[in-house]
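Asker: Can you read through this structure? Questions will come right after.
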Amino acid sequence: MDKFIIEGGGKLYGRTEIQAAKNSVLPLLAASVLTDEQVTIRDVPAISDVENMLHILSELGCGISRTADSVIIDSVNAVSHEIPARLTKELRSSVFMLGSVLTRFRRAKISYPGGCDIGLRPIEMHLKGLKQLGVEIDEMGGEINCRAASIRAGDIYLDFPSVGATENIMLASVFTDGTTVIHNAAREPEIVDLQNFLNAMGASVRGAGSDTVAIAGVKKLHGVVYKPISDRIETGTFLIAAAMTGGEVEISGCDCENISVLLHKLSDITCKIQSKNDIIYLKSSGRPDAFHIDTRPYPGFPTDLQAQMLALSTICRGTSTITENIF
């Protein structure tokens, strides 16, 4: 698409149901290689990041098939430990494959990941955590070569509660002898979803949603049929769009608790909001008031809603301030 043509002046009205969270689906797809039984993930969004991750799995030797609303991954014939450079350059979340591929094959080769270019997003914490589990890592010519004759359990202390590093270490630890404990772990709902997915496959993970996650190693994982959590960022985007246009929307399928910080913020700037279980109703009460937000790791204000709130600020009464603390 070369351009967008936007005719303004309309209010956003209606009802919609939120799809599965991209930031949950991608690590779940990476985790699917941890078993040689079929994994079915339901309600997978049809977006380029998901397609790129499926292409990576296919290159590893996994069988991929689709039904009307699900993706089925069969990793029984997965043989390759090399994650293709042409795909890692398109998808930053390809780095999730490090932990699961290492666990499956005891070695992994990946190029530095690409993806969105919104700021410095180093993967040093991923690599540091893997090294503490006994993984040998060589970096040369833009490639990362990892070897793990044995991955050992240990205590991992993250310098920052990185979502990706937390998830990668979880994936690398599921088959260790003993218990790995991640300190200063990320607390995002997507971490909880990965825990629930792994446990449904037979893993032993506890503590997700807090700053300490413990992974007790098991011998084997089995297949699963799983529906990921809904996308809190998509939910927030619809809510902010309705607030910005003076509209009225009803959104279903999203856990209200996962987006409570945004709901409180929109209520403060004159939006009428009602929420119960997985249904959120918002009605704009006119031109919103100015606001202040600071992006923080969960449960703080999510950085992935910062751009939408900036757009909203352009029509608010008064001067809004937005402080970006993640990127």
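Asker: So, in region 176-204, exactly how many residues are open to solvent by 10 Å² or more (accessible area, probe 1.4 Å), modelled with pLDDT of 95 or more, more than 16 Å from the chain's Cα centre (by Cα) and not small (Gly, Ala, Ser)?
Answerer: Within region 176-204, residues that are open to solvent by 10 Å² or more (accessible area, probe 1.4 Å), modelled with pLDDT of 95 or more, more than 16 Å from the chain's Cα centre (by Cα) and not small (Gly, Ala, Ser) number 5.
Asker: For the condition assigned to a helix (DSSP H, G or I) and not aromatic (Phe, Trp, Tyr), what is the one hit in Ile215, Ile182, Ile169?
Answerer: It is Ile169.
Each row is one residue, and each column tells you yes or no for (1) over 22 Å from Ile110 (Cα atoms); (2) surrounded by fewer than 18 Cβ atoms within 10 Å (Cβ to Cβ); (3) in contact (Cβ under 8 Å) with a residue 12 or more places away in the chain; (4) in contact with a His (Cβ under 6 Å, 6 or more places away or on another chain).
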position	(1), (2), (3), (4)
Arg147	no, yes, yes, no
Ser150	no, yes, yes, no
Pro161	yes, no, yes, no
Thr166	no, no, yes, no
Val174	no, no, yes, no
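Asker: Mind counting the residues in region 218-259 that are outside any loop (DSSP other than H, G, I, E, B) and open to solvent by less than 50 Å² (accessible area, probe 1.4 Å)?
Answerer: The number of residues fulfilling the criteria is 19.
The values are calculated or read from the model by the stated rules, or taken from the named source; none is laboratory data. Computed from a predicted model, the values in this text were never measured in an experiment. Using ideal geometry, Cβ is built from the backbone for each residue, glycine included, and neighbour counts are taken over all protein chains shown. Heads up: the accessible areas ignore ligands, DNA and RNA and are worked out on the full protein's heavy atoms, side chains in. Shrake-Rupley method; radii C 1.70, N 1.55, O 1.52, S 1.80 Å.
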